[in-house]
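Okay, structure first, notes after.
The values are calculated or read from the model by the stated rules, or taken from the named source; none is laboratory data. None of these values were measured; they are calculated from a predicted model. Heads up, the Cβs are rebuilt from the backbone with ideal geometry, glycines too, and the neighbour counts pull from every protein chain shown. Surface areas here come from the heavy atoms of the whole protein model, side chains and all, with no ligands, DNA or RNA. Shrake-Rupley method; radii C 1.70, N 1.55, O 1.52, S 1.80 Å.
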Amino acid sequence: MLKTAVQEQLLPGDTLQAKWEFARQAGYDAIELRGKGDFHFASRLGELRQARADGVVMPTVCVDMLHFLGAFDDDLRRDAVAQMKSQLTVIAEIGGVGAQTPASYGMFSRRLPPFEPPRDEAADREVLLAGLTELGEHARREGVTLFLEPLNRYEDHMVNRLEQAADLIRTVGLDSVRIGIDSYHMNIEETDPAAAIVAHADVIGHAQVSDSNRFQPGAGHLDWPAWLGALHTIGYDGHLALECRLTGDPEDAVRSVPAFLKRSGA
């Protein structure tokens, strides 16, 4: 049976310990943390160490920053890489497995005017390979993994499908860089999401879940038995981390997910 996690901002409670109590009662196995920018995640190290000592399971962190490793501006790109290194170090210090980031978010989309980005595809690739290599080497030293998340075409113009992320990761050639898949983005971008999972099984390291409309699983029309079945096929043994918006009563929505995924094949 696959393990479930839930992002911390979706849980009630003023502390990670209180959030963990709710999460456990709802049937989750872990909490996925959020790593804000300006090195905020590192400033939480004392809080995170105490939560770990109190039994809170926190395997992964998902970035919540304003700029990323694929930024057009050199200074912003360097800052994003430095912040990701910090997040990788912190998640390692609390016994976690890795940090998830997209190449960019909201920086440019070829689906909206002006349609042509200020940097060509070859330069995009050069920037991404350099950033992934630097971060992958840092992750390897820390004993954790960097998860590259493909986003849909309206949120990023560089890495939208698993095959694009897999190509970059195989070129980098580090076991410490893997794909972090997200069911919502895959529903938009992949012709056959289940087939894409199987095709790139060797470089998949983490999975986030939300339904076709970005609400909690069960609130949309995603083919969960096929998606979860593909993860079973490849022997995925990581967490399914809930990253979504919520419809209906927020606490009821969060509570509904572990049971829904179990019924659907997890």
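Observations, loosely collected:
A quick yes/no check of all residues on (1) farther than 26 Å from Ile31 by Cα; (2) not acidic (Asp, Glu):
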{"residue": "Asp73", "(1), (2)": "yes, no"}
{"residue": "Lys85", "(1), (2)": "no, yes"}
{"residue": "Leu88", "(1), (2)": "no, yes"}
{"residue": "Ala92", "(1), (2)": "no, yes"}
{"residue": "Met107", "(1), (2)": "yes, yes"}
{"residue": "Arg110", "(1), (2)": "yes, yes"}
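- Only one of the listed residues (Arg34, Arg77, Arg52) is more than 20 Å from Leu148 (Cα to Cα) and either modelled with pLDDT under 95 or basic (Lys, Arg) (or both). That residue is Arg52.
- Within the range 172-214, the set of residues being part of a loop (DSSP other than H, G, I, E, B), within 16 Å of the chain's Cα centre (by Cα) and more than 19 Å from Arg263 (Cα to Cα) comprises Ser176, Arg214.
- With respect to (1) within 24 Å of Gly13 (Cβ to Cβ); (2) more than 19 Å from the chain's Cα centre (by Cα); (3) open to solvent by less than 20 Å² (accessible area, probe 1.4 Å); (4) hydroxyl-bearing (Ser, Thr, Tyr), the lone exception for Thr60 is condition (2).
- Test for Pro217: is it in contact with a Phe, Trp or Tyr (Cβ under 6 Å, 6 or more places away or on another chain), open to solvent by less than 50 Å² (accessible area, probe 1.4 Å) and either within 16 Å of Ala259 (Cα to Cα) or among the hydroxyl-bearing types (Ser, Thr, Tyr) (or both): yes
- Filter result for the condition that a residue is farther than 27 Å from Arg153 by Cα and surrounded by fewer than 22 Cβ atoms within 10 Å (Cβ to Cβ), over Arg34, Arg24: Arg24
- Residues in the range 110-134 that are open to solvent by less than 10 Å² (accessible area, probe 1.4 Å) and among the small types (Gly, Ala, Ser): Gly131 only.
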